[in-house]
């Protein structure tokens with residue numbers, strides 16, 4: 001890769017850092033909303049669940065559009081829409097306001113400049129070292145968690161959560177729109193099935209309706225759904241769980257930062273390894289690390305242990321991030337032709353649906369039973385199912 005390739009990866013990673021810094025900062029905004037409105041935990045979690053679901057519904061549309069139009073234009077429009085939607089979020093007074101302005105408007109905006117269009121750009125620009133390239137740009141999400149979440153917590157403490165959203169609105173406008181202009185000028189058209197570097201030529205040329213008829217496609221969508229359901233349950237509830245167990249909010253926010261820092265390592269290393277060994281094996285190892293982290297989180301809360309909380313953060317960061325970076329590359333291995341954007345969009349919708357279901361179910365379990373034990377069991381089972389789906393995908397390659 002040359003210098004311009006790295007510049008493009010860096011700029012895409014910057015957009016993801018900001019867009020998904022907003023996503024993952026919801027865990028600290030949740031605490032602020034709880035203090036201001038005293039809404040139920042399931043209501044607060046529903047704000048994120050709606051965001052995740054709407055983001056997932058619009059992901060196939062954004063990704064499919066990338067098969068037809070310049071994806072840089074989507075990034076440009078998404079930056080403008082994020083800045084507007086966050087201004088509306090700063091004005092919320094009711095649960096409906098939260099659901100509409102954050103859950104719907106902000107989610108649509110993030111999907112326009114977020115993961116789907118970014119993956120399509122990377123997959124088209126980097127036929128070789130695809131795992132590393134995806135790992136590089138997705139590490140931007142980790143940077144967003146490292147920098148955005150604690151800074152947002154400090155901003156909330158200093159000027160309040162409403163002004164914090166207004167500041168994020170201005171930053172989004174200043175950063176994302178110029179990058180969108182650059183990506184528009186450096187647009188790369190879609191790859192044909194013959195030019196895709198994969199070993200599945202039988203499936204790489206399939207369009208979306210043809211892919212629907214294959215078992216591999218539905219296994220990959222299920223892998224996304226269950227993996228995201230388990231991981232996002234932890235992302236949304238980790239801070240409030242630790243705070244309720246006696247750990248301070250700023251330490252809870254710093255735990256999210258450690259997750260982000262660890263995720264940078266996990267995505268870069270996981271992406272690199274997936275170019276060297278079978279991607280499915282790396283995915284399964286990441287899930288094992290993630291499940292280990294769930295048990296550590298439980299004991300961190302029971303003992304109000306800050307060291308265990310940070311150890312959990314390392315496991316969550318490495319575990320979820322390595323799988324998040326590898327799953328799109330696995331889809332590209334099987335369906336990497338000119339219809340990749342549409343097919344990827346359905347996979348991302350599966351992941352977003354899991355992200356919507358997981359935190360909400362965990363919130364309901366907490367509201368009904370008064371603790372997070374069943375929620376953590378729910379997360380473990382979800383991740384185990386994702387690992388099983390990945391195992392079957394790997395075995396089917398040899399049939």
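The values are calculated or read from the model by the stated rules, or taken from the named source; none is laboratory data. Source: prediction; values computed, not measured. Reconstructed Cβ throughout: ideal geometry from the backbone, glycine too, with neighbour counts over all protein chains shown.
Some points to look at:
- Filter result for the condition that a residue is crowded, with 20+ Cβ neighbours inside 10 Å, without any contact (Cβ under 8 Å) to a residue 12 or more places away in the chain and out of contact with any strand residue (DSSP E or B) (no Cβ under 8 Å at 6 or more places or on another chain), over 92, 22, 82, 12: 92
- When each of 357, 380, 392 is tested for being assigned to a helix (DSSP H, G or I), more than 21 Å from the chain's Cα centre (by Cα) and either buried (at least 24 other Cβ atoms within 10 Å of the Cβ) or in contact (Cβ under 8 Å) with a residue 40 or more places away in the chain (or both), the lone residue that passes is 392.
- Within region 262-279, the set of residues being surrounded by fewer than 19 Cβ atoms within 10 Å (Cβ to Cβ) and within 18 Å of the chain's Cα centre (by Cα) comprises 265, 269.
- Of all residues in region 285-307, exactly one satisfies the criterion of being buried (at least 18 other Cβ atoms within 10 Å of the Cβ), without any contact (Cβ under 8 Å) to a residue 24 or more places away in the chain and part of a helix (DSSP H, G or I), namely 296.
- Annotation note: of 258, 282, 221, the sole residue that is farther than 24 Å from residue 51 by Cβ, under 19 Å from the mean Cα position of the chain (by Cα) and either modelled with pLDDT of 85 or more or not in a helix (DSSP H, G or I) (or both) is 282.
- Among the numbered conditions (1) surrounded by fewer than 20 Cβ atoms within 10 Å (Cβ to Cβ); (2) touching a residue at least 40 places away in the same chain (Cβ under 8 Å); (3) within 28 Å of residue 221 (Cβ to Cβ), the only one that residue 52 does not meet is (1).
- When residues of region 360-377 are limited to those that are assigned to a loop (DSSP other than H, G, I, E, B) and either in contact with a strand residue (DSSP E or B) (Cβ under 8 Å, 6 or more places away or on another chain) or free of Cβ contacts under 8 Å to residues at least 60 places away in the same chain (or both), the one farthest from residue 316 (Cα to Cα): 370
- Yes/no for residue 183 being part of a loop (DSSP other than H, G, I, E, B), within 25 Å of residue 78 (Cα to Cα) and either at pLDDT 85 or above or out of contact with any strand residue (DSSP E or B) (no Cβ under 7 Å at 6 or more places or on another chain) (or both): no
- Candidate set: region 338-354, residues that are surrounded by fewer than 24 Cβ atoms within 10 Å (Cβ to Cβ) and more than 12 Å from residue 224 (Cβ to Cβ); chosen: the one nearest to the chain's Cα centre (by Cα): 342
- Restricting the search to helices (runs of 4 or more DSSP H) fully inside region 65-152 and requiring at least 2 residues that are more than 18 Å from the chain's Cα centre (by Cα) gives 71-89, 115-125.
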